[in-house]
Amino acid sequence: MPRRKESGIAEGLRDALAYAKGEDVQVRVTEVRIPMPDVKAIRKKAKLTQQDFAATFGFSYGAIRDWEQGRHKPEPVACALLWLIDRDPGYVRATLDRHRPTQNVVRDDFKKAKADKNPSVKRRGKNATGSTETRTL
């Protein structure tokens, strides 16, 4: 069976591997540099606490704290998201909100269904005077 001519993808992959090993290969290298964001300034511009900023944009509180204190640097993908947040926090928030699962609705429905099946389930809540009360359903 005759051998097929090597595809451009396979040839490119072989060149990329050779380049990564430090071999002298003719390749075109494209680097995308995202500047290191000032996380604290971006957060303050959005008028959010560290915890609210983390919850709103999908970061962990610890990551925000560590970035602001200089203990760690954000990964490139986080830098890109922070750059977008800096440019238009409202747009990023709205976009993320459209794609967030509605966990609270599911939890409330689950609790209601569980209470309906087991009438002895107790619920805690505040009454009209503001004090906490426990009711048996």
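Bear in mind these aren't lab numbers, they're just calculated from the coordinates by the rules spelled out. This structure is a prediction, so every number in the text was calculated from the model and none was measured. With ideal geometry, Cβ positions are generated from the backbone for all residues, glycine too; neighbour counts draw on all protein chains shown.
For segment 37-49, the Karplus equation 6.51 cos²θ - 1.76 cosθ + 1.60, evaluated at θ = phi - 60°, returns couplings of x, 8, 4, 4, 5, 5, 5, 5, 4, 7, 6, 10, 6 Hz by residue, with Gly and Pro reported as x. What number comes out for the charge environment of residue 67, summing +1 per Lys or Arg and -1 per Asp or Glu over other residues with Cβ under 11 Å away? Net charge around residue 67: +1. In terms of surrounding Cβ atoms within a 10 Å radius of their Cβ, 9, 34, 85 rank from fewest to most as 9, 34, 85. Under the combined filter of DSSP loop state and at most 14 neighbouring Cβ atoms within 10 Å, segment 1-82 retains these GluC sites (Glu not before Pro): 6, 23, 31.
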